[in-house]
1. Pick out, from the stretch 45-101, the helices (runs of 4 or more DSSP H) lying fully within it that include 2 or more residues that are exposed (fewer than 13 other Cβ atoms within 10 Å of the Cβ) and either modelled with pLDDT under 85 or of a type in the set (Gly, Ala, Ser) (or both).
2. It is to be established whether one or more residues within the stretch 23-35 are open to solvent by less than 60 Å² (accessible area, probe 1.4 Å), modelled with pLDDT of 75 or more and out of contact with any Pro (no Cβ under 8 Å at 6 or more places or on another chain).
Amino acid sequence: MENGAVYNPTTEREAKAPRRCPFRCTLRHLQRWQLPAKVVQAIFSFMAVLCEEIVDDCITCGGLYFFEFISCSAFLLSLLILCVHCTDLYESLGEDKVKKL
């Protein structure tokens with residue numbers, strides 16, 4: 001067929017870039033000292049949550065509830081930041097959005 005060259009560019013499928021799994025573990029976005037620091041931060045905030053839960057009785061519980069809120073928020077946010085930096089989600093979101101986070 002002489003007209004085969006005319007139809008080739010429109011009928012051939014273009015090669016798509018392979019899809020990346022956004023949750024693949026990688027440590028290239030954290031520097032050498034940042035990973036241990038983030039892990040220690042998550043451990044300390046989790047220990048704060050556990051210490052707060054040990055308290056059975058309190059006279060004025062407002063401060064205890066505030067400490068519970070802060071320690072639980074710190075734990076969840078440190079886990080979120082650790083997960084974003086240790087997965088390919090960092091590249092999927094973009095560096096600007098991660099810095100805003």
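The values are calculated or read from the model by the stated rules, or taken from the named source; none is laboratory data. Worth saying up front: this structure is predicted, and the values here are computed from it rather than measured. Positions of Cβ are backbone-derived with ideal geometry, glycine not excepted, and every protein chain shown enters the neighbour counts. What goes into the accessible areas is simple: the full protein's heavy atoms, side chains included, and nothing from ligands, DNA or RNA. Shrake-Rupley method; radii C 1.70, N 1.55, O 1.52, S 1.80 Å.
1. Those helices (runs of 4 or more DSSP H) span 62-86, 95-100.
2. Yes, there is a match, as at least one residue in the stretch 23-35 is open to solvent by less than 60 Å² (accessible area, probe 1.4 Å), modelled with pLDDT of 75 or more and out of contact with any Pro (no Cβ under 8 Å at 6 or more places or on another chain).
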